[in-house]
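All remarks here apply to the structure that follows.
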Amino acid sequence: MAIAAERFQYGYTDPILSPLKTELPQRSSYQIEGQNIPEQSIYESYDPLVEAGYLQKNEQLTPAQRNYYIHESIQSYVEEFVAKVPYKELSGILKDDGTFEVMGMDVGQMYESAAARAGYGSREHEEKIGYQAVRAQIDQGNNRVLWVSPPKIADYGFVFTFTVGEHDPELGGRPLKETLLRYDEDMHTLETSKDKYDYFSQEFGDSSSMQSATSYKPFLERPIGYQYDGHDDMDAVRRYLGISPEDIQKSQYVKDVIMPKVQPFVTKYQTLMSELLDLDLTYPSARRSELEAEMKLYIGAIHNSAKLMMGEANSPQNREQLEDMQLLRLTQSRANYDGEWLYMAAAQMAARESLVIRGGSNCPVTGLGAASMLSNFVGMGGSMESGLQLLGLPEKQFDYKEDPNLCRCKRGSGPHFHCPGKKEGKSCKHPIVVGKGIKSCPQCGEGKRC
């Protein structure tokens, strides 16, 4: 593997002792049809420190649950930013104690909090009732639930799909997936939502109809539950909502092919995260910097490995690609007993090409980064469903400054939220104006918020 060895030797010597080799200019751009499309470091969208901060706040997670969420978070990143899958899927656990958890968040508690703030008769109150109906469908033995949510904050609605797996003793519950699927509809009508609900009810439910509905309430209160094995039903739901067969296949390719091949990198990242979580993340120690740099190395390796495999699936291979694919195959077999090989392989894959994404976001919006964003959004007074809808939209399709849940009090110079951090033991509540690229509170230093 002469080419591969040469690239390793000259392109990436020691990313731990020289952590800046994993860093790139934060933004550049490239031309496409006369437009400047922003280019930015992958670590703007997948930041190990943001992930670690969120995990530290969720001390209730067992090591197995934590590793499950890290794996799912990385998979979500690969699907969104490498495979370009146009919908978002969140992972969770229906725990043995009854907690309905998504990415470490107690979803039931979040719906309860939003409903209590908004009051009886509000949409948030109806969303809580709908969530309880989703739970009831699962408790009755169904492993699939479709929940149609008519437009709320703009001219689109969502179908939230829930799939629940078999009990996993290590997780202490049943793994679940929640997928956010958007459809267009004028927010002043319900006709499209009626048609969507009736189609799903005919195909999977009890053939009940929503044609007489005059508000969003019956849609939220009557999710459609059923039993199914395999993924053909979810593929059919996505196709009906306009997701192409090619995009569905890309998502399955990530799960079935890419993730198993990069698992050695994922496992090492999980091990490093466990050590990082034992440190004080607010103190910039040398060991924290070393761990952060090495974790970025493995995320970079996963990113470029996934890009290589997506290319392998779509085009003929050259010599360099064939050598790197052979390296990944060898890494799968040697990773368990050869740590030096794993490190070398990760360094080589991370150096394979620039670690950038095009048209990315300013915030960590996948996996646990998305969970952190959603938790903060609801904590600031937003509703659970509005937060999920924001996560389900590509950034270019939603102007966050127009979000009706943002605060517009006189303390801020524009639409803003109040910092959830603490200063000297007291809530900070400094106004953070959205759209300004602010990554840490200037008053208390609370890190990376959207």
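Brief remarks follow.
- TYR131 vs. criteria of a type in the set (Phe, Trp, Tyr), crowded, with 22+ Cβ neighbours inside 10 Å and in contact with a Leu (Cβ under 9 Å, 6 or more places away or on another chain): yes
- Residues of the range 228-253 classified as under 25 Å from GLN202 (Cβ atoms) and either touching a helix residue (DSSP H, G or I) at 6+ places or on another chain (Cβ under 7 Å) or not in a loop (DSSP other than H, G, I, E, B) (or both), total: 12
- Any hit, the range 308-319, residues being in a loop (DSSP other than H, G, I, E, B), under 16 Å from ASP47 (Cβ atoms), out of contact with any strand residue (DSSP E or B) (no Cβ under 8 Å at 6 or more places or on another chain) and modelled with pLDDT under 90: no
- If only residues of the range 254-284 that are among the hydroxyl-bearing types (Ser, Thr, Tyr) and out of contact with any helix residue (DSSP H, G or I) (no Cβ under 6 Å at 6 or more places or on another chain) are counted, the one that is nearest to LEU49 (Cα to Cα) is THR282.
- Of the residues TYR54, TYR12, TYR111, TYR69, the single one that is at pLDDT 60 or above and closer than 26 Å to ALA345 by Cα is TYR69.
Here is a yes/no grid of residues against (1) modelled with pLDDT under 95; (2) touching a Pro at 6+ places or on another chain (Cβ under 7 Å); (3) under 30 Å from PRO63 (Cα atoms); (4) polar (S, T, N, Q):
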{"site": "GLY173", "(1), (2), (3), (4)": "no, no, yes, no"}
{"site": "LEU181", "(1), (2), (3), (4)": "yes, no, no, no"}
{"site": "MET187", "(1), (2), (3), (4)": "yes, yes, no, no"}
{"site": "GLN202", "(1), (2), (3), (4)": "no, no, no, yes"}
{"site": "GLN211", "(1), (2), (3), (4)": "no, no, no, yes"}
{"site": "LYS217", "(1), (2), (3), (4)": "no, no, no, no"}
{"site": "GLY225", "(1), (2), (3), (4)": "no, no, no, no"}
{"site": "TYR240", "(1), (2), (3), (4)": "no, no, no, no"}
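- Every residue from the range 272-290 that is in contact (Cβ under 8 Å) with a residue 24 or more places away in the chain and within 21 Å of ILE74 (Cβ to Cβ): LEU272, MET273, SER274, LEU276, LEU277, LEU281, GLU290
- Taken over the range 100-123, the residue count meeting the criterion of being free of Cβ contacts under 8 Å to residues at least 60 places away in the same chain and of a type in the set (Lys, Arg) is 0.
- Any hit, the range 73-81, residues being surrounded by fewer than 20 Cβ atoms within 10 Å (Cβ to Cβ) and either more than 17 Å from the chain's Cα centre (by Cα) or modelled with pLDDT of 85 or more (or both): no
- Wholly enclosed strands (runs of 3 or more DSSP E) of the range 76-179 bearing at least 3 residues within 27 Å of GLY242 (Cα to Cα) and in contact with a helix residue (DSSP H, G or I) (Cβ under 8 Å, 6 or more places away or on another chain): 88-95, 144-149, 156-164
- Verdict on LEU180 being touching a strand residue (DSSP E or B) at 6+ places or on another chain (Cβ under 6 Å), surrounded by 16 or more Cβ atoms within 10 Å (Cβ to Cβ) and of a type outside the set (Asp, Glu): yes
- Candidate set: the range 201-227, residues that are in a loop (DSSP other than H, G, I, E, B) and surrounded by 15 or more Cβ atoms within 10 Å (Cβ to Cβ); chosen: the one nearest to the chain's Cα centre (by Cα): PRO223
- Some residue of the range 337-350 being at pLDDT 80 or above, part of a helix (DSSP H, G or I) and farther than 17 Å from VAL262 by Cβ: yes
- Residue list for the range 191-244, filter: out of contact with any Gly (no Cβ under 9 Å at 6 or more places or on another chain) and of a type in the set (A, V, I, L, M): MET210, ALA213, MET234, ALA236, VAL237, LEU241, ILE243
The values are calculated or read from the model by the stated rules, or taken from the named source; none is laboratory data. Keep in mind that this is a model prediction, so the values were computed, not measured. Neighbour counts run over all protein chains shown; Cβ positions are idealised from the backbone, glycine included.
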